[in-house]
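Taking it in order: structure first as structure tokens, then the write-up.
Readers should treat all values here as calculations from the given coordinates under stated rules, not as data from a laboratory. None of these values were measured; they are calculated from a predicted model. Glycine gets a Cβ as well: all are built from the backbone with ideal geometry, and neighbour counts include every protein chain shown.
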Amino acid sequence: MALDLPRMGMELRSLLTSGGLLELSLQSAPVEPPAADEVVLRVEAAPINPSDLGLLLAGVDMTGAKISGDPAAPVVSAPAAAPVMRAMAARLDRSMPVGNEGAGVVVAAGSSPQAQALLGRTVAVFAGGMYAQYRTVKAQECLVLPADVTAEEGASCFVNPLTALGMVGTMRLEGHSALVHTAAASNLGQMLVKLCRRDGVELVNVVRRPEQAEMLRSLGATHICDSSSERFVDDLTEALTATGATLAFDAVGGGKLAGQILAGMETAILARGGVSERYGSSVHKQVYLYGSLDAGPTQIGRSFGLAWGVGGWLLTFFLKRIGPAQAQALREDVASGLKTTFASHYTRTVSLSGALQPDVIAAYGRRATGEKFLISPWLDQPAG
Ligand SMILES: NC(=O)c1ccc[n+]([C@@H]2O[C@H](COP(=O)([O-])OP(=O)(O)OC[C@H]3O[C@@H](n4cnc5c(N)ncnc54)[C@H](OP(=O)(O)O)[C@@H]3O)[C@@H](O)[C@H]2O)c1
């Protein structure tokens, strides 16, 4: 059990009130003692990913945010527009803990042998509520990090690495032979480039700036199409013809991109000798929308026959689909590649209170290439 486990720790909460105000705050919360099969982590590092921003900021425009309260425990508030209030009806007046994943040291453990074996180990978890100094979780949720991997290096063990592996896994499960990825200069996109090279999978990368194309090329990417180029549609079709990719993962979501990819796939199928019948080729083309970087409507032109699909894709659904044994194998693959294939890089490390400064919120809220933030809950904070 615990040695000197403190009673309270600080945690970051997000509250959308029925009065139309988003409030982000730091609160002192009890440290839950572990049950037999649980451990308590002293959280050392947790990334701010786009999926965390959805819960943290609830789609609220933070440009008019006001900060108040004690500098060590600020409260940031911003008004929520009517469409946000409608979309977020299910969470109104519920103060939510934030932070999907992170890593830390096990400082207390329940009586079960599995929990006891983790005492003192540095582990990563995907348990939610990780923007906190302490977090009590099931022992079986913990991924023990290799001895030479720090909590910072292991903080992003799950969301992006498992999604990259899930894309390749979905490709195999659904009988495709190559992939397309959009917003491909993202942290996840960089991992996917390295993973596809490692596993011999052909990958078409769609970016939106020339410098992003350069960066991916330096990682060894071969097929890169820049949507800001006049040649984009031709380049995309050429890359699809070269690779035969019939499966795309689109993080952008809104706009014409998904439809352009499907159209390019159909042209490529015919260029590779496929036959177009009355309803187009019979080869199935699939785009999974797995992000919402552009929150606008998805516009599909439908110029590519009838053998196609557009759907949603979520990591947790994929992990359920493959079952616990295969999911564990993927987790172990990630743990062994945290310094190489699955390494994440951060622009800035901020404290819990630092994460609530309006200029910092504006910076991570941009979700820009190479600007990932890491929260270190013990930076500038009392021990709770
Ligand atoms: N469905 C799932 O299970 C799942 C799991 C993990 C991740 N994801 C999604 O994966 C995506 C990447 O995550 P990450 O952590 O790797 O992101 P990240 O490192 O923060 O990078 C975000 C990237 O998106 C680009 N971007 C932002 N807005 C864009 C827009 N409107 N159109 C085109 N590109 C845009 C940025 O490029 P600029 O610099 O040009 O802005 C940047 O390269 C996110 O959408 C996330 O939600 C989904």
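So, counting K/R as plus one and D/E as minus one, what does the shell of residues with Cβ under 14 Å around ALA45 add up to? Present the calculation step by step, with values, prior to reporting the outcome.
Working: positive: ARG42, ARG135, ARG348, LYS372; negative: GLU44, ASP52, GLU101, GLU152, GLU153.
Residues close to ALA45 contribute a combined charge of -1.
Scan region 285-333 for trypsin sites (Lys or Arg not before Pro) in coil per DSSP, keeping those whose Cβ has at most 12 other Cβ atoms within 10 Å, and list them by number. Mind dumping the intermediate values first?
Values: sites: LYS285, ARG302, LYS320, ARG321, ARG331; in loops: ARG302.
In loop regions of region 285-333 (DSSP not H, G, I, E or B), the sparsely surrounded trypsin sites (Lys or Arg not before Pro) are ARG302.
Can you compute the charge dipole magnitude of region 96-229 about its Cα centre, using +1 on each Lys and Arg Cβ and -1 on each Asp and Glu Cβ, nothing else charged? Give it in debye, rounded to the nearest 20. Provide the component values of the computation, followed by the final result.
Details: 10 positive and 11 negative charges, 25 e Å.
The dipole of region 96-229 has a size of about 120 debye.
With a cut-off of at most 16 other beta carbons within 10 Å, and DSSP calling the residue loop, which trypsin sites (Lys or Arg not before Pro) in region 79-141 qualify? Please list them.
ARG94, ARG121
At 0.36 nm per residue, minus the direct Cα-Cα distance, what do LEU92 and GLN328 gain on full extension? Give it in nm, one decimal, please.
Working: separation 236, 0.36 × 236 = 84.96 nm, distance 3.54 nm.
Between LEU92 and GLN328, full extension yields an extra 81.4 nm.
May I ask you to derive the FRET efficiency for ARG231 and LEU306 from their Cβ-Cβ distance with R0 = 25 Å, giving the value to the nearest 0.05? Could you put the intermediate results ahead of the total?
Working: r = 29 Å, r/R0 = 1.15.
After rounding to 0.05, the efficiency reads 0.30.
In whole angstrom, note down how far apart the Cα centers of region 70-130 and region 194-253 are.
Computed from Cα coordinates, the inter-centre distance equals 35 Å.
Taking amide hydrogens as modeled 1.01 Å from N in the peptide plane, which residues meet the under 5 Å criterion relative to LEU119, leaving out close sequence neighbours?
none
Report the paramagnetic label zone for ARG209: residues of region 280-310 whose backbone N is under 17 Å from a point 7 Å from Cα along the Cα-to-Cβ axis.
Hits in region 280-310 for ARG209 at 17 Å: 293-294.
Which entries of LYS320/LYS372; LYS339/LYS372; LYS66/LYS138; LYS256/LYS285 have Cα-Cα distances beyond 26 Å here?
On the way: LYS320/LYS372 28 Å; LYS339/LYS372 17 Å; LYS66/LYS138 37 Å; LYS256/LYS285 16 Å.
Flagged as over cut-off: LYS320/LYS372; LYS66/LYS138.
Just order 220-231, 351-362, 99-110 by mean Cβ neighbour count inside 10 Å, highest at the front, would you? Mind dumping the intermediate values first?
Details: 220-231: 16.9, 351-362: 18.7, 99-110: 24.3.
Highest-to-lowest ranking by the protection proxy: 99-110, 351-362, 220-231.
Distance in nm between label sites at SER218 and GLU23, each 7 Å beyond Cα in the beta-carbon direction?
In this crude label model, SER218 to GLU23 measures out at 4.5 nm.
Would you mind getting me the FRET efficiency between ALA82 and GLU371? Use the beta-carbon distance for r and R0 = 30 Å, nearest 0.05. Can you show the working numbers first?
Values: r = 30 Å, r/R0 = 1.00.
E(calc), rounded to 0.05, equals 0.50.
Scale the Cα Rg of the chain by the rule-of-thumb value 2.2 N^0.38 Å and send over the ratio, two decimals. Kindly include the intermediate steps, with their values, before the conclusion.
Working: Rg = 22.2 Å, N = 384, 2.2 N^0.38 = 21.1 Å.
It is 1.05.
Just how large is the dipole of the chain about the Cα centre, in debye to the nearest 20, putting +1 at every Lys and Arg Cβ and -1 at every Asp and Glu Cβ?
On the way: 31 positive and 35 negative charges, 116 e Å.
Dipole size: approximately 560 debye.
Tally Lys and Arg at +1 and Asp and Glu at -1 over the other residues with C-beta under 13 Å from the C-beta of GLY99: what net charge comes out?
Working: positive: ARG13, ARG135; negative: GLU11, GLU44, ASP52, GLU101.
Taking every other residue near GLY99 into account, the sum is -2.
What is the antiparallel percent of DSSP beta bridges lying wholly in the chain, to the nearest 5? Working shown, then result.
Numbers: 41 of 67 bridges.
Counting DSSP beta bridges with both partners in the chain, the antiparallel share is about 60 percent.
Evaluate E = 1/(1 + (r/R0)^6) for SER336 and LYS256, where r is the Cβ-Cβ distance and R0 equals 45 Å; express this FRET efficiency to the nearest 0.05. Intermediate results must be reported in sequence, preceding the final value.
Values: r = 40 Å, r/R0 = 0.88.
The pair SER336/LYS256 has a calculated efficiency of 0.70.
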